[in-house]
Amino acid sequence: MPKSPYLSSETSATFRPYGLGYVELPGALRVETRLAEIDPATLRIGQEMEFVVYVHRTEPDGTEVMNYAFRPVIQADRP
């Protein structure tokens, strides 16, 4: 589990590892980002990725704190 100041609703018992990678956005901008896919066998350099939003944690008052990641585009996702 990441060290502080990482803040999530996870505990050491519920934490699931996640991947990090560089995603190139239009205009030649590359960002280091969280990947929603953790199996390295399904990732390859140059593959198309899509932006996804997920609930990162829930505050004590019930407010959901959102975050983002990128995941590979699956051909079945395309029309």
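Name the long-range amide H neighbours of residue 49: under 5 Å, sequence gap of 5 or more, or other chain; modelled H, no Pro or chain starts.
73
Can you report the principal axis dimensions of the chain using only the alpha carbons, biggest first, rounded to whole angstrom?
39, 27, 24
Please give the charge dipole size of the chain, origin at the Cα centre, charges +1 on K and R Cβ atoms and -1 on D and E Cβ atoms. Round to the nearest 20 debye.
220
Hey, any idea what % of the range 1-56's accessible area is carbon plus sulfur with a 1.4 Å probe?
Its accessible area is 58 percent carbon and sulfur atoms.
Give me the accessible area of residue 57, 1.4 Å probe, in Å² rounded to the nearest 10.
Here the residue's solvent-accessible area equals roughly 50 Å².
Along Cα→Cβ, 7 Å out, is where each label goes; now give me the distance between the ones at residue 73 and residue 58 in nm to one decimal.
3.4
The values are calculated or read from the model by the stated rules, or taken from the named source; none is laboratory data. Remember, it's a predicted structure, so these values are computed and weren't measured experimentally. As a convention, Cβ positions derive from the backbone with ideal geometry for all residues, glycine included, and neighbour counts pool all protein chains shown. Ligands, DNA and RNA are excluded from the accessible area calculation, which covers all protein heavy atoms including side chains. Shrake-Rupley method; radii C 1.70, N 1.55, O 1.52, S 1.80 Å.
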